[in-house]
Amino acid sequence: MKFEKIESKIAVLPVDNIDTDQIIPARYLKSISKDGLGEGLFRDWRLNSDGTPKADFVLNKPEAKGAEILVTGDNFGCGSSREHAPWALVQSGIRAVISTSFADIFKGNALKNQLLPVVVPADAHAELLKSPWAVVKIDLSAQTVTLPSGRLVEFPIDSFAKQCLLEGVDELGYMLQQDAAIAAFEAKRVGSVDTLR
Amino acid sequence: MKPRTIVEKIWDSHVVAEKPGAPALLYIDLHLTHEVTSPQAFSTLRERGLKVRRPDLTIGTMDHSTPTTSRDLPMLDPIGKAQLDQMTQNCKDFGIRLYDLKTTKQGIVHVIGPEQGLTQPGMTIVCGDSHTATHGAFGALAFGIGTSQVGHVFATQCLLQTPSKSYAIRVEGALKPGVSAKDIILAVIARIGIGGGTGTVFEYLGSTIRSLSMEERMTICNMSIEGGARAGLVAPDDTTYQYISGREFAPKGADWDAALARWKQLPTDQGAQYAKELTLDAGALEPMVTFGTNPGMGIPISGAIPDPASVSDPIEKSDLIKALKYMDLEPGKLLQGHKIDVVFVGSCTNSRISDLRAAASVMKGRKVNPKVRMLVVPGSMQVKKQAEAEGLDKIFRDAGADFREAGCSMCLAMNGDQLEPGEYSVSTSNRNFEGRQGKGGRTFLASPLTAAASAVTGMVTDVRTLL
Ligand code: SF4
C-alpha cells in the first residue's frame, strides 16, 4: 500500500502524554488477530460504563465523521509497546496524528502501519489546537503541513521510513534480501559471542 | 580510537550491514516473546511461508494473560485461554523453547531471562514489551519493540535501527533507611518527566548504582521507558558477573573466561560523550509515591499534592487538573494518610525475591488492615519457590495477604486480577495510567517497603514510621 496525501478536517484532543493504555486498554489485547480493534480505541474515554457514548469526547461529536487527522498534546503514545494502538487508530479511519512529540516505540509502530506521526513546532501546534474541525493538508512527499491559516510548516521524518511509506516498500522483504550478510555475521560469532547455543 | 559509551560499543559490535539512506541492520542476540504481542507476528510468518531464523535464540513465555490462581484450576477466561493455547501452538510449530504454565520456571518475561542466565552483558535483547530495558541492568542493550518488529526478528534475527544518544543518569551517595531503588527511579522520572528521555538510552552511573544489587539495578532499568528512554543500562561489574555465574544458560569453563574477558571491555571509556546528563543525590531522597496518572507525577512521601494554580503551561495545567479529578485528590494536601483499598506487590519492577523480602520484613508480626486487600504475586515460579523456602509466604498469609502464582497480574489487569472502579491501590508496579489496574481504578506507585507499610495501616504510609 502506498501513502497518499491527506486532506482532512482535524479532530483535536488537547491532552499531553496520552498513553497506549488510553488508546486501547489492555483488555482488548487478548485477540490473536488484528481484527476488530477499532472497537477498543479510546474505549474508556469514549464510552460510559454502560456502553453509551460520552457526548463530550471529541471522536463522538458529529463533526468527527470522516476526520482522518488527530491533533494531540505532547508525547503521544507513551507507555507500552502494543502495536494494537496504531492498529486501532487506523481501523478507526485515522491516517495521521499531529503532535509536538511522540514516544519512540509508538512512532516506529505507527510508521509500519501507514499511520503518519507528524511533529510540528509549538506555534503551529498552538494554531491547530485552536482550530478544531478546520481542514489541514499533509503532503508526505514535500514533508509539509498546510495549516488552517494557509501557512506551510515542514515536518521531519526519517528518510527510509518516508521512502517505505511513499513507495509501499515491504520492510521485511528488504531485510530478507540481506540474508547473506546476516549469515556471514553469524558465522563469525559461532563459539564466541554466541553463548546461548 | 575515539572513546565510546557502552551503548556505542554494543551497537558497533552488532551492526550486520549499513547502507546509505537506510537504518542499520542490527543483530539481536536474544529474543523474548510472550502471548500478547506475538500472535500476529507468527501469523505473518505463516502467511509468508517463513521460519524463525534462530529458534535457539528465541524464548517463549506466558505471563500477561496468565492466571495467578492455582495452576490446577481450569482457566476461566476463554479468550485468555485461547491466547495461551495459541502461544503453545506457535512455539511448537516454530521450534521455540516455551516456559509455559506447567514448568517450574514460568514467570514474567523480564524476571525469568536474568534468572535463567539468558540475559548477559553486551547482548542486544528485544521483546515485544516496553519494559525490556530491565535486562539493561546486566550491561545489555535491551529494548521493547512492536509486533511488526517481532516478526522481523523472527524471520531475520535482525532489526532496522538507528542509534540512540546516551543520557548519563548519575546517582551518588548512600540511601537512607527506608529508601530503595524504586524511589531512585521514581525520583528520576519525577525530575525529567515521562518524555524527558525520548530518543535516548539511559546509562545509570555513580556510587549509589555501583552499590546496588542486580535486582535493585533491574528495578531501576525496568522503568527507563517511564522516563521516555528507549532503553536503560548499567555497565557490568563484579556484582553482575557473580549474579550470572553458575546459572543455567551462563557460559561455563573456558567459555566463561572468554565471556568475562569480553564483558570487561564493555564499560564506557573515559572521555566518552553523553548527549545529556543528570545527577541525583541519593542521600537527599525520601520514599517516593505517585499521586497522578503518569509515573512522572511523583512526590516525596512527606510532600504535598501539587496545585494546578502554580502551573503556567495551559496543557500541563489541564492535564494536572484532569489527573487530580481522575484520582479524586485535592491539591495542596498530603498524600500520606490517604485511605487505600488494595496493595499489590508484584510486576517486573518489584517481584523478585529481594522485593518480597523487603515487603515481608515490614509485614512480619503485623496484619493487613481489615479494609485492605493485599496481593503478593511473585515474578516467577522460582521466586515463589525461594520465598516459600524462606517462609515469606507464611508471613504474608499470616498477615492476611493473598500469595499467588507467578504472572503480571494486577500490573495490567488482563488476567482478572484488578481494581474495581474508584478503588485506590498502592502498587509496586510501574504504571499508574488511568484504568491500568482495572477500569476506573486509581494507582499510587511506590516501593515494596511503602506498599507493605500502607497495607498494614490502610493508608499511604511513610515506611520509616514502622521501621
Ligand atoms: S509485569 Fe507489567 S509491565 Fe511487566 S511485563 Fe508484565 S504487564 Fe508488562
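The values are calculated or read from the model by the stated rules, or taken from the named source; none is laboratory data. Keep in mind the model is a prediction, meaning the values are calculated, not measured. When we count neighbours, we look across all protein chains shown, and the Cβ atoms used for this are built from the backbone with ideal geometry, even at glycine. Heads up: the accessible areas ignore ligands, DNA and RNA and are worked out on the full protein's heavy atoms, side chains in. Shrake-Rupley method; radii C 1.70, N 1.55, O 1.52, S 1.80 Å.
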Can you work out which of the residues in the stretch B:6-53 that are of a type in the set (S, T, N, Q) and crowded, with 24+ Cβ neighbours inside 10 Å is farthest from the other protein chains (Cβ to nearest Cβ)?
B:Thr33
Where residues in the stretch B:245-290 are in contact with a strand residue (DSSP E or B) (Cβ under 9 Å, 6 or more places away or on another chain) and either of a type in the set (S, T, N, Q) or free of Cβ contacts under 8 Å to residues at least 40 places away in the same chain (or both), which of them is nearest to B:Gly113 (Cα to Cα)?
B:Thr268
Enumerated strands (runs of 3 or more DSSP E) restricted to the stretch B:1-85, each holding at least 2 residues that are over 20 Å from the mean Cα position of the chain (by Cα) and of a type outside the set (Val, Ile, Thr):
B:24-27
Sole miss for B:Leu57 among (1) crowded, with 19+ Cβ neighbours inside 10 Å; (2) within 16 Å of the ligand (Cβ to nearest atom) is condition (2)
Mind checking which residues of the stretch B:337-357 are away from the ligand (no atom under 16 Å from the Cβ) and of a type outside the set (Val, Ile, Thr)?
B:Gly337, B:His338, B:Lys339, B:Asp341, B:Ser354, B:Arg357
Kindly indicate whether any position in the stretch A:47-54 is modelled with pLDDT of 95 or more and either at the interface with chain B (Cβ under 10 Å from one of its Cβ atoms) or closer than 27 Å to A:Val145 by Cβ (or both).
no
Counting only residues in the stretch B:161-188 that are aliphatic (A, V, I, L, M) and open to solvent by 20 Å² or more (accessible area, probe 1.4 Å), the one nearest to B:Leu285 (Cα to Cα) is identified as B:Leu175
Kindly establish whether B:Thr119 is under 15 Å from the mean Cα position of the chain (by Cα) and either within 12 Å of another protein chain (Cβ to nearest Cβ) or surrounded by fewer than 22 Cβ atoms within 10 Å (Cβ to Cβ) (or both).
yes
Which residues, taken from the stretch B:286-336, are open to solvent by less than 20 Å² (accessible area, probe 1.4 Å), hydrophobic (A, V, I, L, M, F, W, C) and under 24 Å from the mean Cα position of the chain (by Cα)?
B:Met288, B:Val289, B:Phe291, B:Ile299, B:Ile301, B:Ala323, B:Met327
Just checking, how many residues over the stretch B:68-81 are within 13 Å of chain A (Cβ to nearest Cβ) and either open to solvent by less than 40 Å² (accessible area, probe 1.4 Å) or modelled with pLDDT of 95 or more (or both)?
1
Give the residue that is most open to solvent (accessible area, probe 1.4 Å), with candidates limited to residues of the stretch B:410-419 that are within 13 Å of the ligand (Cβ to nearest atom) and more than 14 Å from B:Ala451 (Cβ to Cβ).
B:Gln418
Restricting to the stretch B:150-167, give me the number of residues that are within 11 Å of chain A (Cβ to nearest Cβ) and either in contact with a helix residue (DSSP H, G or I) (Cβ under 7 Å, 6 or more places away or on another chain) or among the hydroxyl-bearing types (Ser, Thr, Tyr) (or both).
12
Pairs under 6 Å by beta carbon, first residue assigned to a helix (DSSP H, G or I) in the stretch A:26-37, partner within 16 Å of the ligand (Cβ to nearest atom), six or more apart or different chains?
A:Ala26/B:Leu412; A:Ala26/B:Met414; A:Leu37/A:His84
Any idea which residue in the stretch B:426-447 is nearest to the other protein chains (Cβ to nearest Cβ), counting only those that are open to solvent by less than 10 Å² (accessible area, probe 1.4 Å) and more than 14 Å from the ligand (Cβ to nearest atom)?
B:Gly441
Restricting to the stretch A:4-46, count the residues that are touching a strand residue (DSSP E or B) at 6+ places or on another chain (Cβ under 7 Å) and either more than 12 Å from every other protein chain (Cβ to nearest Cβ) or not β-branched (Val, Ile, Thr) (or both).
11
Kindly indicate whether B:Leu101 is under 23 Å from B:Thr349 (Cβ atoms), open to solvent by 40 Å² or more (accessible area, probe 1.4 Å) and in contact (Cβ under 8 Å) with a residue 12 or more places away in the chain.
yes
